[in-house]
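Report on the following structure.
The values are calculated or read from the model by the stated rules, or taken from the named source; none is laboratory data. Just so it is clear, the model here is predicted, and its values are computed rather than measured. Please note: Cβ atoms are built from the backbone with ideal geometry, for glycine as well, and neighbour counts cover all protein chains shown. Heads up: the accessible areas ignore ligands, DNA and RNA and are worked out on the full protein's heavy atoms, side chains in. Shrake-Rupley method; radii C 1.70, N 1.55, O 1.52, S 1.80 Å.
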Amino acid sequence: TGLDVAKGDYIAFVDSDDVIHPQMIELLLKGLQKADMAMCNVANNVEIPKDFYQEYHINDCDVEYYDNPDDALTKISIHIVCDKLYKRDKWTSRRFEEGRIFEDRALFCELMDCCKIIHIKEPLYFYRINPGSICHGVYCRKMVEDRLWADGKQLTYLDEHGYKKAFR
């Protein structure tokens, strides 16, 4: 997998049909100076805005810090890995389960555990819906089974590790 051959100190994921702001990695990297994981907002299925190339400065961005993942889980998306930058050590012993849809969903709570998180509230990741993609193509039994599998993995992890606020 890509994780097995990656050489850098940081890990980021971008789906092939999505677009990221030209400064996304730069801003998230600056955020990692104060955290273990940095994330940004996601714009869902929108046209690329006219101000797409607007330059951002980290000091001007609306930012939230979370020292406790339980607090973060009540306020931020826990479903995808693509709007985040991780220190490489978070991935040392973690891999996606091959052959699954929603495999990132199943793993994300584990990635957040014992982690300081910075959330840059600017939409720097543009999630585009491709009608032919795995998650948005024909609705099939495998998609339902894998979604239930991933959600079950999340709930089990949250329950076993005492994340009570996430269940409110």
Odd one out for Gly8 among (1) of a type outside the set (S, T, N, Q); (2) in a loop (DSSP other than H, G, I, E, B); (3) in contact with a helix residue (DSSP H, G or I) (Cβ under 9 Å, 6 or more places away or on another chain); (4) surrounded by 12 or more Cβ atoms within 10 Å (Cβ to Cβ): (4)
Among the residues of the stretch 18-40, count how many are farther than 13 Å from Tyr86 by Cα and open to solvent by 40 Å² or more (accessible area, probe 1.4 Å). 2
Considering only residues of the stretch 41-62 that are among the hydrophobic types (A, V, I, L, M, F, W, C) and under 16 Å from the mean Cα position of the chain (by Cα), which is most open to solvent (accessible area, probe 1.4 Å)? Val42
Looking only at the stretch 150-168, filter to residues that are open to solvent by 50 Å² or more (accessible area, probe 1.4 Å) and either outside any helix (DSSP H, G or I) or at pLDDT 75 or above (or both); which one of those is nearest to Asp71 (Cα to Cα)? Lys164
Would you confirm, using the coordinates I've provided, whether Tyr66 is touching a helix residue (DSSP H, G or I) at 6+ places or on another chain (Cβ under 7 Å) and within 23 Å of Cys109 (Cβ to Cβ)? yes
Residue under question is Lys116, and the condition is that it be among the basic types (Lys, Arg), open to solvent by less than 80 Å² (accessible area, probe 1.4 Å) and within 24 Å of Tyr157 (Cα to Cα); does it hold? no
Within the stretch 79-123, count every residue that is free of Cβ contacts under 8 Å to residues at least 60 places away in the same chain, more than 14 Å from the chain's Cα centre (by Cα) and not in a loop (DSSP other than H, G, I, E, B). 1
Search result, residues across the stretch 33-75 that are under 21 Å from Val19 (Cα atoms), of a type in the set (A, V, I, L, M) and assigned to a loop (DSSP other than H, G, I, E, B): Val46, Ile48
I'd like to verify a number: residues in the stretch 77-113 that are touching a strand residue (DSSP E or B) at 6+ places or on another chain (Cβ under 9 Å) and open to solvent by 20 Å² or more (accessible area, probe 1.4 Å), how many? 5
